[in-house]
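Peer 1: Structure provided below as C-alpha cells; questions to follow.
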Amino acid sequence: MTTEAGAGGARAPHVGISVAEAPLSSLLLQTVRAHAATATAMLQRIELVAPQELVLLFLQENGRSPQSEIVHFLGRDRSTVTNTLQAMERADLITRTPSSTDKRTMIVALSGKGRRLCPKVRAIWSELERLTFGGLTDQQRADLAQTLTEVRRGLPAPAAHTRRDPVDLEARATQERTAR
C-alpha cells in the first residue's frame, strides 16, 4: 500500500491493484498484503521478522527438531530457511547443533531468549486475529474459515506451479472450453 502527498495534503493509502478479470483474486491479494503489513509492524515491536515467529512457535510446540522438519513446516526453500535460522541463531533466539546420530543433520532448539518471546508472539497473533476478524460475527468467521479452506484445497501444491507463457495458458483454456 502506497501513500502519496497531493496538492491538497496527504492522500489515503491506495487499497491495491484490482484486475477486472480476477476480482476475487485481486481482493484476496489486497487483503493478504494489508494483513502482512500489519503483522510486520506488530512483529517489529519485539524485533522479529516473518517467519521467525512461526519458527519459535513450532519449536515451542514440537521441541528440539531437525532443521529439515522446519523446512517442511514452513514450505520454503532450504537455503531460505537456513538463512532465517542463521539470523535467529545470531540473535540468540535458537541454537543449532549437529545431530549426535547424523552429523549432516542440524538440530534446532529454542534458546532462553526465544522461549521468553513465545508468549509475546502468541499475544501478537491474537491481536492480529482480533484486528483482522473482530468485526465479524461467529457465523461469518466460521463461514470464512470454511470458504478459505475450500479455496486452498482447490489450489495446486506450490511445487506443481511451473513457469508458463501466458499464451500457453490462454491456449489451454480455449482447448478446455472447446472440449466441453
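The values are calculated or read from the model by the stated rules, or taken from the named source; none is laboratory data. For clarity, every value in this text was computed on a predicted model and none was experimentally measured. Every residue, glycine among them, receives a Cβ derived from its backbone with ideal geometry; neighbour counts consider all protein chains shown. Just the protein is used for accessible areas: all its heavy atoms, side chains included, with ligands, DNA and RNA removed. Shrake-Rupley method; radii C 1.70, N 1.55, O 1.52, S 1.80 Å.
Peer 1: Assuming 0.36 nm per residue, please report the length gained on full extension of the stretch Leu74 to Thr137 beyond their Cα-Cα distance.
Peer 2: Taking Leu74 through Thr137 to full extension adds about 19.6 nm, to one decimal.
Peer 1: Taking each pair of distinct Cα atoms in the range 36-102 once, what is the resulting Kirkwood hydrodynamic radius in Å?
Peer 2: 12.7 Å
Peer 1: Next up: Send over a whole-number figure in Å² for the accessible area per residue of the range 18-116, probe 1.4 Å.
Peer 2: I get 62 Å² per residue for the range 18-116.
Peer 1: Let me ask something else about it. Sorted by packing (mean other beta-carbon atoms within 10 Å per residue), highest first, where do 100-106, 43-49 land?
Peer 2: Packing order, densest peptide first, comes out as 43-49, 100-106.
Peer 1: Further, regarding this structure: Using modelled amide H (1.01 Å from N, peptide plane; none on Pro or chain starts), what sits under 5 Å from the amide H of Ser111, excluding residues fewer than 5 places away?
Peer 2: Distant-sequence amide H within range of Ser111: Ile94, Thr95.
Peer 1: Then there's this: Could you order peptides 118-128, 148-158 by the average number of other Cβ atoms within 10 Å of their residues, highest first?
Peer 2: Highest-to-lowest ranking by the protection proxy: 118-128, 148-158.
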